[in-house]
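Below you'll find the structure, written out as C-alpha cells, and then a few comments.
What follows is calculated from the coordinates using simple rules that are stated; it is not laboratory data. Source: prediction; values computed, not measured. For neighbour counting, all protein chains shown are included, and Cβ atoms are generated from backbone atoms with ideal geometry for every residue, glycine included.
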Amino acid sequence: MKAPCKISPSLLSADFANLESEMAQLDPSLVDYLHLDVMDGHFVPNITIGPDVVKAIASRTNIPLDVHLMIENPERYIKQFADAGAHIITVHAEAATHLQRCLQQIREFGCKAGVSLNPATPLEALHYVLEDSDLILLMTVNPGFGGQKFIPQMLQKIKDCVALIENRNIELEVDGGVKVSNIKSLYEAGARVFVSGSEIFSNPPYNDVIRRMRSVLCDR
Ligand code: DX5
Ligand code: ZN
C-alpha cells in the first residue's frame with residue numbers, strides 16, 4: 001500500500017469575486033486542505049487577502065484551512081489567523097526573525113505549525129526547528145504568483161528534506177507549478193502534500209483534475 005497523500009487546492013487561482021461558489025465546486029471527499037495564500041506586498045511583490053477574508057472562507061467550508069503566510073514578521077498576525085479559523089499556519093523562515101518562537105506561538109493557539117522555505121534557501125534553516133514543526137512547505141517556485149513553472153532543482157531538495165525529517169511526524173508539502181504531469185515525480189521524491197492552484201482552477205471541472213492527480217498518486 002502506498003503512503004497517504006493530500007491535495008491542497010490553492011484558491012489564489014480561483015475567481016476572487018465568487019469564492020463561495022468556487023469552493024462549493026470542490027468535492028470535500030477529494031480535498032484534504034484548502035490552501036490560502038496571504039501576501040503582504042513586502043515579503044513578496046503581490047498583495048492578496050488578510051484574516052477577515054480567511055474568516056469569511058472558514059464560515060463557508062469544513063475543509064481544513066492551510067494558511068500560507070508570505071508576510072514579513074508573521075508573529076504579529078498569528079493570533080488573528082488562528083482566530084480566523086486556520087488549521088495549519090505556515091510561516092517563511094526568511095520572514096520570521098524569531099522563527100522558533102513564532103512556531104511555538106502557532107501551536108499555542110491550537111494550530112499546526114508549518115515552516116516554508118523559498119527555493120534558494122538551504123534546508124539548514126530547518127535544523128533547529130524540526131521539533132517545533134508539524135509541516136514543512138518547500139516552495140517549488142519563487143513565491144508571489146500562481147501559474148509559474150516548477151523549478152526542477154527542487155526535486156533534489158525534496159529528497160534531501162525527506163532525509164532531514166527522518167521518522168519525525170512532519171508533513172512534507174510542495175507548492176508551485178504542481179501539475180498532473182509532474183505530481184508523480186514529486187511524490188517519488190518524497191512529497192506527500194500537494195498544493196495546486198492554476199492547474200486545478202484553470203481546468204474545470206475541478207474535481208476531475210483532482211481525481212487525475214489522485215489516480216497518479218495513491219489511493220485515498
Ligand atoms: C505562490 C503560492 C502558491 C500558488 C501556486 O506564491 O504560494 O500557493 O497559488 O499556484 P500554482 O499551482 O499555479 O503554481
Ligand atoms: Zn502557497
Semi-axes (Å, rounded, descending) of the ellipsoid equivalent to the chain per its C-alpha gyration tensor are 23, 22, 16
Excluding residues fewer than 8 positions from residue 157 in its own chain, the lysines with Cα under 29 Å of it are 2, 6, 112, 149, 179, 184
Restricting to Cα pairs under 8 Å and 6 or more apart, the percent relative contact order of the range 6-215 works out to 20 percent
Quick calc, the chain, dipole around Cα centre from Cβ unit charges on Lys, Arg (+) and Asp, Glu (-), nearest 20 debye, gives 500 debye
Lys and Arg at +1, Asp and Glu at -1: neighbours of residue 16 with Cβ under 15 Å from its Cβ sum to -4
Volume per residue (Å³) of the convex hull spanned by the alpha carbons of the range 63-185 is 114 Å³
The range 42-100 and the range 1-37 have their Cα centres apart by a whole-number Å value of 16 Å
Cα-Cα pairs in the range 1-93 separated by more than 18 Å, as a whole percent of all pairs, come to 43 percent
What helix-only [θ] at 222 nm does the chain give? Using -39500 (n - 2.57) per DSSP H run of at least 4, over all residues, to the nearest 500, the answer is -8000 deg cm²/dmol
Farthest towards the positive end of the dipole of the chain, among 147, 95, 17 and with Cβ unit charges of +1 on Lys and Arg and -1 on Asp and Glu, lies the Cα of 147
